[in-house]
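I have placed the structure first, in the form of structure tokens, so that the comments after it can refer back to it.
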Amino acid sequence: MRVLNYLELDGHLDRSGIGTAVDQQRAALAQADADVDVVTEPWHDGHPGWAIGGNLAFDDPVFREYDLAHCNMIGPGSVAVARHARRNDIPLVLHAHVTREDFRDSFRGSNLVAPALGKYLKWFYSTADLVLCPSEYTKGVLESYPVDTPIRPITNGVDIDALEGFEGTRESYRDRYDLDGMVVFAVGNVFERKGLTTFCELAQATEYDFAWFGPYDDGPQASKAVKRWVNDPPENVTFTGWIDDIRGAFGAGDVYLFPTKAENQGIAVLEAMACGKAVVLSDIPVFREYYEDGHDCLICADESEFREALDRLAENPDLRRRLGENARATAREHGLDRVAGRLTETYEELA
């Protein structure tokens, strides 16, 4: 079976959670013991804009041949692939990495755009034969729009092998960013939605070193909160910007703090768990779905609970160790072998 696994604007999304999720899909399929041949671009040649024009004018001369299309984004290139699939009776899977809810508080003006985005997503996702999404929580969100097509949750997974050797980065990354003691850290793009203000206010209220490993934009499209905090951070907060080796973040950090407001799953949470880190999470439905408070993480409802959790972990290394061990076992349940199995079952069913 030849499957198109397409990520529109992949060059711009390689530093995002969506880019990581798609990389993991492809890695999982490459490892799978299944007859699946993956292509990553729908066009024979040329820029997607040219391909869309050719698609409309010349009866699909620019599209490659494939038995099933799996699109991971929502832009015009993905729309062109969806239309091509519909006209040619090719099964179409759309992966809902983007929702109206998790678009809010991401960029300047994103809250104004979110209502219109919700209407667009309702239409676009409803064109598929099947919508995949990262969690039961996201499935419920899509059903509330409502999306008029079957929806199936499937974990984004975690590439455990890619994190191997993270321990060896600890000294060099702590020295590079002048980190000491119990380091509280986050990983990923710096957005207000991901709990940036709470992260920084907790740092102001404590004496621990805090580090956020990930790119940020303090230009015109950045939100006011991002501009405020990255340009004038608390003394004990370091914003590293992009780092070449993500293992360095998990080597340097001790407690993974993620006070996010909305999330479809959160791949970096699973990465931190795979590295055996104690994880402190916000009390939102998707984390209650996947994790257990007091077993493989600590779940907090407000800033005072976050601070109490950090203090408990600082005072009790055994608790950090126990949570980390259980977290590592949880991460194994989301390994790429599970992702490969679910994807190949889905493809075979639709084809």
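The values are calculated or read from the model by the stated rules, or taken from the named source; none is laboratory data. Keep in mind it's a predicted model, so treat the numbers as computed, not measured. So basically every Cβ, Gly included, is an ideal-geometry build from the backbone, and we count neighbours across all protein chains shown. These accessible areas exclude ligands, DNA and RNA; they are computed on the full protein's heavy atoms, side chains included. Shrake-Rupley method; radii C 1.70, N 1.55, O 1.52, S 1.80 Å.
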Under the definition of Cα pairs under 8 Å and six or more residues apart, what whole-number percent is the relative contact order of segment 179-283? 33 percent
Find out how many positive minus negative residues lie around residue 28, taking Lys and Arg as positive, Asp and Glu as negative, among other residues whose Cβ is under 14 Å from that of residue 28. -3
If one compares the long axis through the Cα atoms of helix 48-57 with the longest principal axis of the Cα atoms of the chain, the angle in degrees, nearest 10, works out at 30 degrees
Determine the per residue accessible area of the chain with all protein chains present and a 1.4 angstrom probe, expressed in square angstrom. 44 Å²
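Which order, highest average first, do 179-189, 80-90, 217-227 follow once you tally other Cβ atoms within 10 Å for each residue and take the mean per peptide?
Numbers: 179-189: 20.5, 80-90: 17.9, 217-227: 15.2.
My ranking of the peptides, most packed first, is 179-189, 80-90, 217-227.
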In sequence order, calculated HN-Hα J values of segment 234-245 (Karplus, 6.51, -1.76, 1.60; Hz; x Gly/Pro): x, 4, 9, 10, 10, 9, 7, x, 4, 10, 6, 10
Between residue 282 and residues 5 or more places away or on another chain, which pairs have amide H atoms under 5 Å apart, with H built 1.01 Å from N, and which residues are they? 258, 260, 300
Of 327, 212, 269, which is farthest on the positive side of the dipole of segment 202-351, counting Cα position, with +1 on Lys and Arg Cβ, -1 on Asp and Glu Cβ, and the Cα centre as origin? 212
Rounded tilt (10° steps) of 196-205 against the dominant C-alpha axis of the chain: 10 degrees
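Could you please state how large a percent of the accessible area of segment 220-351 is carbon and sulfur, counting protein chains only and using a 1.4 Å probe?
On the way: 2300 of 5700 Å².
Of the solvent-accessible surface of segment 220-351, carbon and sulfur hold 40 percent.
Can you flag which of 224/261; 119/224; 139/224; 194/277; 139/194; 194/224 are past 22 Å Cα-Cα? Each step should come with its number before you reach the end.
On the way: 224/261 17 Å; 119/224 26 Å; 139/224 31 Å; 194/277 19 Å; 139/194 20 Å; 194/224 14 Å.
From 224/261; 119/224; 139/224; 194/277; 139/194; 194/224, over 22 Å: 119/224; 139/224.
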Estimated FRET transfer efficiency when R0 is 30 angstrom, pair residue 224-residue 311 (beta carbons, to 0.05): 0.50
For the chain, build the charge dipole from Cβ charges (+1 Lys, Arg; -1 Asp, Glu) around the Cα centre, then report which of 248, 96, 179 sits farthest towards its positive end. 96
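Grab the Cα-Cα distance for residue 348 and residue 41, subtract it from 0.36 nm times how many residues apart they are, and report the gain in nm with one decimal. Provide the component values of the computation, followed by the final result.
On the way: separation 307, 0.36 × 307 = 110.52 nm, distance 2.06 nm.
In short, 108.5 nm is gained.
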Within segment 98-223: Cβ-based charge dipole about Cα centre, in debye rounded to nearest 20 (Lys, Arg +1; Asp, Glu -1): 760 debye
Just add up the charged neighbours of residue 324: K/R +1, D/E -1, any other residue whose Cβ is under 11 Å from the Cβ of residue 324. +1
Mind listing the long-range amide H neighbours of residue 276? Cut-off is under 5 Å, sequence gap 5 or more, other chains count too, H placed in the peptide plane at 1.01 Å from N. 328
Per-residue ³J(HN,Hα) for segment 322-327, Karplus 6.51 cos²θ - 1.76 cosθ + 1.60, θ = phi - 60°, Hz, x for Gly and Pro: 5, 4, x, 5, 5, 5
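Taking 8 Å as the Cα distance limit and 6 or more residues as the minimum spacing, I'd like the relative contact order of the chain as a percentage.
17 percent
Per DSSP H run of n ≥ 4, the term is -39500 (n - 2.57); total these for the chain, divide by its residue number, and report the mean residue ellipticity at 222 nm rounded to 500 deg cm²/dmol. It would help to have the intermediate numbers written out before the result.
On the way: 16 runs with 159 residues, N = 351.
Helices in the chain give a 222 nm mean residue ellipticity of -13500 deg cm²/dmol.
Under the 0.36 nm per residue contour assumption, what length would be gained going from the current alpha-carbon distance of residue 321 and residue 301 to full extension?
On the way: separation 20, 0.36 × 20 = 7.20 nm, distance 2.28 nm.
Net length gain for the segment: 4.9 nm.
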Return the sequence-ordered ³J(HN,Hα) values of segment 135-147 in whole Hz as given by the Karplus equation 6.51 cos²θ - 1.76 cosθ + 1.60 applied to θ = phi - 60°, using x for Gly and Pro. 6, 4, 4, 5, 4, x, 4, 5, 5, 6, 5, x, 7
In degrees between 0 and 90, to the nearest 10, how far off the longest principal axis of the chain does helix 17-31 point, with axes built from Cα atoms? 70 degrees
